[in-house]
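Reading through the structure tokens given below for one structure.
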Amino acid sequence: MLFFVGELIFSFSIKKGNSEVNHKIASIPYSHRLSNVMSDTAGYRYIDSVITVFREDYDIKGLSVAISDGGRLIYARGFGYADAEKQEEVEPRHMFRIASVSKLITASAILKLVEEGRVNLQNRVFGPGSILARYDTSKITDPRALTITIDNLLKHTSGLYNKKGDVMFMTLSVARALRKQAPANMDMLVEFALSQPLDNAPGAEYDYSNLGYSILGEVIEQASGMPYEEFVHFYLLEPLGITSMKVGKSYLKDRDRDEVKYYEFNRDIKVQAYDGSGHLVSQVYGGNPIELLAASGGWLASPAELMKFILAIDGDPATPDILAQQSIAYMTTPYGKDNKLVGWKACDGHGTMWRTGTLTGASALVMKQ
């Protein structure tokens, strides 16, 4: 299952009129007000054909696309199936796992805390007097870890252990290494990471880290006194009228009613369940700890609602931003090699930014031009 967002610019407003009617409309999730029929016009036949060929070439069960221009949604359409077995077609309301596109949400949440004076980008994360001082660092292997800052985590320059594998996808191995009962939680993952030497000195090298962004989720909870997902909804999504986006679940039985079903190319391959149950499961349902990945890769979104959020953090004057100009500048100013950006993946130096995300069974792309 592939999820694709092509972003130019988008905003939404309800026309003035009967207040009771407007209230009822506003209570309906934004993406539920859209349908494939609304984009089924002659002007978009070329786009339809390109996407259809792409889907067929890569044997993709279903995908969804949203495009906006000049502050206005101009295209939102699903292709293929949300549930192939039931022959349920993808509509704009359907949500997908957006994987690492979730990092844009987490980076924005951290910067909202910075704007409110609850954290500082140079705050240390571990050790006495730090934000996450609750973590035991008495057995720390590499004392340089005590100098890791929020800025390091946001920019993937923390140096945290990563070379022998991504611990966010090795949770069973981590639990066994610590001789603790699975499923692993963030306390266990941090304990394990701090028991290993750093790969690099903090701030020295870019080394993509899912663990780093998951730790930022812990920072958000500690600084705000709220659960991570609740903070994001209250301070970022609800003010924008976004109501459907949420952190996903690991198992098929817990799938949201508007969430698509995920598929693998080889459905015969089974892996051990992340929760330590000993069950053999598909990688897409039970192989990865989606809830644990929340801040680094666990969110669900429809293209239209995700579009609405992206346009509130991109700095384009066509739509108001939910973050201050200084925060937007921090996220959109290139750093290091290859024009890296905070939250975003990178930019081309000529006005185009992008963010990708991949999990087994799902891929996502956001592009701002």
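Values in this text are rule-based calculations from the coordinates and carry no lab data. Keep in mind that what you see is a predicted model, and the values were worked out from it rather than measured. All Cβ positions, even for glycine, are placed from backbone atoms using ideal geometry, and neighbour counts span all protein chains on display.
Overview of values
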item: Overall dimensions of segment 160-277 as given by Cα atoms, namely Rg and Dmax in Å; result: 17.1, 45
item: Of ILE131, ILE220, ILE28, the one that fluctuates the most in a GNM where the chain has Cα springs shorter than 10 Å; result: ILE28
item: Residues with amide H under 5 Å from that of TYR75, placed H, sequence gap 5 or more; result: ILE67
item: Ascending count of other beta-carbon atoms within 10 Å, so fewest first, for MET170, MET38, MET245; result: MET38, MET170, MET245
item: From phi via Karplus (6.51, -1.76, 1.60), per-residue ³J(HN,Hα) for segment 92-105 in Hz, x at Gly/Pro; result: x, 6, 5, 9, 10, 5, 9, 6, 6, 4, 4, 5, 5, 5
item: Pairs from LYS103/LYS337; LYS112/LYS139; LYS86/LYS163 whose Cα-Cα separation, in the structure shown, is over 31 Å; result: LYS112/LYS139; LYS86/LYS163
item: Overall form of segment 218-277 per C-alpha gyration tensor (a/c, 1.5; a/b vs b/c); result: oblate
item: Residues whose placed amide H lies under 5 Å from that of ALA346, excluding near-sequence neighbours; result: LEU341, TRP354
item: DSSP-assigned coil residues among trypsin sites (Lys or Arg not before Pro) in segment 128-185, each with at most 13 further Cβ atoms within 10 Å; result: ARG134, LYS139, LYS163, LYS164, ARG179
item: Hz values of 3J(HN,Hα) by residue in segment 293-300 - Karplus curve (6.51, -1.76, 1.60), Gly and Pro given as x; result: 7, 2, 6, 9, x, x, 7, 10
item: Selection of GluC sites (Glu not before Pro), segment 85-114, meeting DSSP coil and at most 12 other Cβ within 10 Å; result: GLU85
item: Loop-resident sites, segment 169-237, for GluC sites (Glu not before Pro), counting at most 16 other Cβ within 10 Å (DSSP); result: GLU205
item: Whole-number D in µm² s⁻¹ for segment 85-175, Kirkwood Cα-pair radius fed into Stokes-Einstein, 4 °C, 1.567 mPa s; result: 80 µm²/s
item: Point-charge dipole on Cβ atoms (K/R +1, D/E -1) for segment 257-369, about Cα centre, debye to 20; result: 180 debye
item: From the C-alpha gyration tensor of segment 280-324, square roots of 5λ in Å; result: 32, 11, 6
item: Semi-axes of the equivalent ellipsoid for the chain, Cα gyration tensor, largest first, Å; result: 34, 25, 19
item: Whole-Hz ³J(HN,Hα) from phi, Karplus 6.51 cos²θ - 1.76 cosθ + 1.60, for segment 262-273, glycine and proline x; result: 9, 10, 10, 5, 10, 7, 7, 6, 10, 10, 5, 4
item: GLY248 long-range amide H proximity, modeled H, under 5 Å; result: TRP299, LEU300
